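Peer 1: Here you go, one structure.
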């Protein structure tokens, strides 16, 4: 899918702004069901990147519409749209047209997930929580407070309001209290002065250094070097084909499928899986055998 990401997709520029971007994406035609199906088949069966590009650009308006629903979190619209576009590309990559539903229906969930993850990472320096319940609470608390017709949304929630929100969102009442407190608070600059005259220093001056000391850092570095050397030696116990399969199946960021490897070596996918399992077993046995020995490079050991 890397090729699709590098294709020219409109972006919000500092000069043109959001209005210019919206005008530009309006130029891409909305696809009919038949056109969409044909393009999706070209992509899934023939890896036709031009077809994938058309699928992406025809749904940029959907991304912009979904992204606009997250304006209330104070993040730049350009970044929300950019994250949504990444989700759209992932949806195109995984879309299966033969299942009978439209790409927009499938892509909507990928777009929302990508934007929501970005909002959770960026909205505040305070970790908002990563569980499904905490995410649901984060993205629905503002809506719930509006539905309660609160005059002052910044005011502390009443016990009755807390109970109502917790019951509807299926979370603990304390979770509601904690999340409301976090979302109502403003992030503070650590370099801000502690007093108005600035003579007392900044707040960051009062923070303890939690980093490991030099001895711990050096020990961790040596341990990492030893483990890396052990991995190199374990890889040397494999033949060329085994090494290639392990690299592409276990060590590469862009892992390739059993099908791709089976085509490369003209063997079945099951045979590739067996070779991978055998190679891992050989490496494991080597590591266990070397566990009681000094983990030194061969040159040093000699």
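Peer 1: Applying the selection to segment 87-98, what residues are over 29 Å from residue 146 (Cβ atoms) and part of a helix (DSSP H, G or I)? Give the steps one after another, and end with the answer.
Peer 2: Going residue by residue through segment 87-98, those that are over 29 Å from residue 146 (Cβ atoms) are 89-98.
Within segment 87-98, 89, 90, 91, 92, 93, 94, 97, 98 meet the criteria.
Peer 1: What number goes with the only condition from (1) surrounded by 11 or more Cβ atoms within 10 Å (Cβ to Cβ); (2) over 29 Å from the mean Cα position of the chain (by Cα); (3) farther than 21 Å from residue 225 by Cβ that residue 270 does not pass?
Peer 2: (1)
Peer 1: Picking from 43, 109, which residue would you name as being within 15 Å of the chain's Cα centre (by Cα) and outside the structural domain of residue 141 (by TED's automatic domain parsing)?
Peer 2: Values: 43 fails: within 15 Å of the chain's Cα centre (by Cα).
Unique residue meeting the criteria: 109.
Peer 1: Where in segment 1-83 are the helices (runs of 4 or more DSSP H), entirely inside, with at least 2 residues that are modelled with pLDDT under 90? Walk me through how you get there before you give the answer.
Peer 2: Working: elements: 2-6, 17-25, 33-46, 49-57, 60-68.
Once the helices (runs of 4 or more DSSP H) in segment 1-83 are filtered for at least 2 residues that are modelled with pLDDT under 90, what remains is 2-6, 17-25.
Peer 1: Name the one entry in 240, 279 that is surrounded by 11 or more Cβ atoms within 10 Å (Cβ to Cβ) and modelled with pLDDT of 85 or more. Lay out the reasoning, then the answer.
Peer 2: On the way: 240 fails: surrounded by 11 or more Cβ atoms within 10 Å (Cβ to Cβ).
Just one listed residue meets the conditions, 279.
Peer 1: Can I ask one more? Residue 101 versus (1) without any contact (Cβ under 8 Å) to a residue 12 or more places away in the chain; (2) assigned to a helix (DSSP H, G or I); (3) not assigned by TED's automatic domain parsing to the domain that holds residue 175: which is the lone unmet condition?
Peer 2: Among (1) without any contact (Cβ under 8 Å) to a residue 12 or more places away in the chain; (2) assigned to a helix (DSSP H, G or I); (3) not assigned by TED's automatic domain parsing to the domain that holds residue 175, the lone unmet condition for residue 101 is (2).
The values are calculated or read from the model by the stated rules, or taken from the named source; none is laboratory data. All figures in this text were calculated on a predicted structure; none of them were measured in a lab. FYI the Cβ positions are ideal-geometry reconstructions off the backbone, even for glycines, and counts take in every protein chain you see.
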